[in-house]
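*Asks:* First the structure, which I've put down as structure tokens, then a few questions once you've had a look.
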Amino acid sequence: MTAVTLKSAPLGVRSRRGTVLRVLPALLLTALALAGPWLAPEAIDAPVTAPYAEPGGDAPLGGDQLGRDVLSRVLAGGRELVVTSLLVALLVTVTAALLGAVSALRPAVGRFVERAADVLMLLPAVLGILLVTLSWPDGGRLAVVTVSVVLGVPYAVRLVAGAAAPVAASGYVEAAAVGGERLGYLVVREVLPNLRATLLALFGLRFVAAVYLVATAGFLQVGPQPPAADWALMIRENSGGILLNPWGVLAPSIGIGLLAMSVNLAAAALVPATGRKAVPAL
């Protein structure tokens, strides 16, 4: 018994250390994006150098198309993207979890939800953004959140319903239903706690998808408008001078890529080991 104890403890410590190392980049990058506007060394809307100036002097990453400090605008431009993407991922995951669990417990409701999801999944994301822009021109960030949630829920609810079906058919759930437990109790206390691995993986996947949709909307100027500092908007504004100062495009692009990868890696690290085989596609 002593030998088993001595061998198992280091494995547990290494596992926890590995999880922390995989989660830490997402935490640091998210904290940096949230605190970025307070860390910017220069005003984000005041020129400090020549347009498309090379790095140097008061602008370590050079100037943008109006001579504003690229570093300050990069530091200030990630907060809205992070907050909006987290909100979209949370709303999609919660909505899909509830609809998916109900669909698994009530087959008639499940068939209706699946047919509605099949229809909505046929609409391309970029086309959905453009349709919302035309029909809701003053929607701004709220319109981006709405279309991201509407387009994200159909795929997510099909995934959750598939994972919840075996749980709903298990003996203890059927026993609880026969015992007279209400639908809400079965969803919250019996089904969803057994889908933690799926829901964590789904949250990471939907966050990456939300970053893609919100960044695409920003690039199309749906939501943030000039002179706001926004990573996707910076890519659009500075693409014309990429040969003069590439950091105006590269810096926000790197920020978007690192944010998506680090959060997805963190979500995968937090998935319980016993549930990872249940969600191999994520």
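*Asks:* Please verify whether Ala125 is more than 12 Å from the chain's Cα centre (by Cα), closer than 23 Å to Gly204 by Cα and either open to solvent by 10 Å² or more (accessible area, probe 1.4 Å) or of a type in the set (Ser, Thr, Tyr) (or both), treating the condition exactly as stated. Can you show your working first?
*Replies:* Numbers: more than 12 Å from the chain's Cα centre (by Cα): yes; closer than 23 Å to Gly204 by Cα: yes; either open to solvent by 10 Å² or more (accessible area, probe 1.4 Å) or of a type in the set (Ser, Thr, Tyr) (or both): yes.
Yes; evaluated as a whole, the condition is true for this residue.
*Asks:* From Ala59, Ala104, which residue is over 19 Å from Asp230 (Cα atoms) and either in contact with a Phe, Trp or Tyr (Cβ under 6 Å, 6 or more places away or on another chain) or crowded, with 24+ Cβ neighbours inside 10 Å (or both)?
*Replies:* Numbers: Ala59 fails: over 19 Å from Asp230 (Cα atoms).
That would be Ala104, the only listed residue that is over 19 Å from Asp230 (Cα atoms) and either in contact with a Phe, Trp or Tyr (Cβ under 6 Å, 6 or more places away or on another chain) or crowded, with 24+ Cβ neighbours inside 10 Å (or both).
*Asks:* Starting from the stretch 236-256, keep only residues that are β-branched (Val, Ile, Thr), then list their pairs with residues that are surrounded by fewer than 18 Cβ atoms within 10 Å (Cβ to Cβ) whose Cβ atoms are within a distance under 8 Å, requiring at least 6 positions of separation or different chains.
*Replies:* Val249/Ser239; Val249/Ile242
*Asks:* Within the set of pairs 6+ apart or on separate chains, which have a first residue in the stretch 37-62 that is at negative phi, a second that is exposed (fewer than 13 other Cβ atoms within 10 Å of the Cβ), and C-beta atoms under 7 Å apart?
*Replies:* Thr49/Gly57
*Asks:* Tell me, please, whether a residue that is part of a helix (DSSP H, G or I), open to solvent by less than 50 Å² (accessible area, probe 1.4 Å), of a type in the set (D, E, K, R) and within 26 Å of Pro124 (Cβ to Cβ) can be found in the stretch 192-206.
*Replies:* Step one: list which residues in the stretch 192-206 are part of a helix (DSSP H, G or I), which gives 192-206.
Checking which are open to solvent by less than 50 Å² (accessible area, probe 1.4 Å) leaves us with 192, 195, 197-199, 201-202, 204, 206.
Checking the rest, the ones that are also of a type in the set (D, E, K, R) come to 206.
Checking which are within 26 Å of Pro124 (Cβ to Cβ) leaves us with 206.
Yes, the stretch 192-206 contains a residue that is part of a helix (DSSP H, G or I), open to solvent by less than 50 Å² (accessible area, probe 1.4 Å), of a type in the set (D, E, K, R) and within 26 Å of Pro124 (Cβ to Cβ).
*Asks:* Another question, if that's okay. Which condition from (1) free of Cβ contacts under 8 Å to residues at least 60 places away in the same chain; (2) assigned to a helix (DSSP H, G or I); (3) open to solvent by 70 Å² or more (accessible area, probe 1.4 Å) is the one that Asp118 breaks?
*Replies:* Only one criterion in (1) free of Cβ contacts under 8 Å to residues at least 60 places away in the same chain; (2) assigned to a helix (DSSP H, G or I); (3) open to solvent by 70 Å² or more (accessible area, probe 1.4 Å) is unmet by Asp118, namely (3).
*Asks:* A further question on this structure: Here are the criteria: (1) small (Gly, Ala, Ser); (2) open to solvent by 50 Å² or more (accessible area, probe 1.4 Å); (3) assigned to a loop (DSSP other than H, G, I, E, B). Tell me which single one Ala175 does not satisfy.
*Replies:* (3)
The values are calculated or read from the model by the stated rules, or taken from the named source; none is laboratory data. Since this is a predicted model, take the numbers as computed values, not measurements. FYI the Cβ positions are ideal-geometry reconstructions off the backbone, even for glycines, and counts take in every protein chain you see. Calculation scope for accessible area: heavy atoms of the full protein, side chains included, ligands and nucleic acids excluded. Shrake-Rupley method; radii C 1.70, N 1.55, O 1.52, S 1.80 Å.
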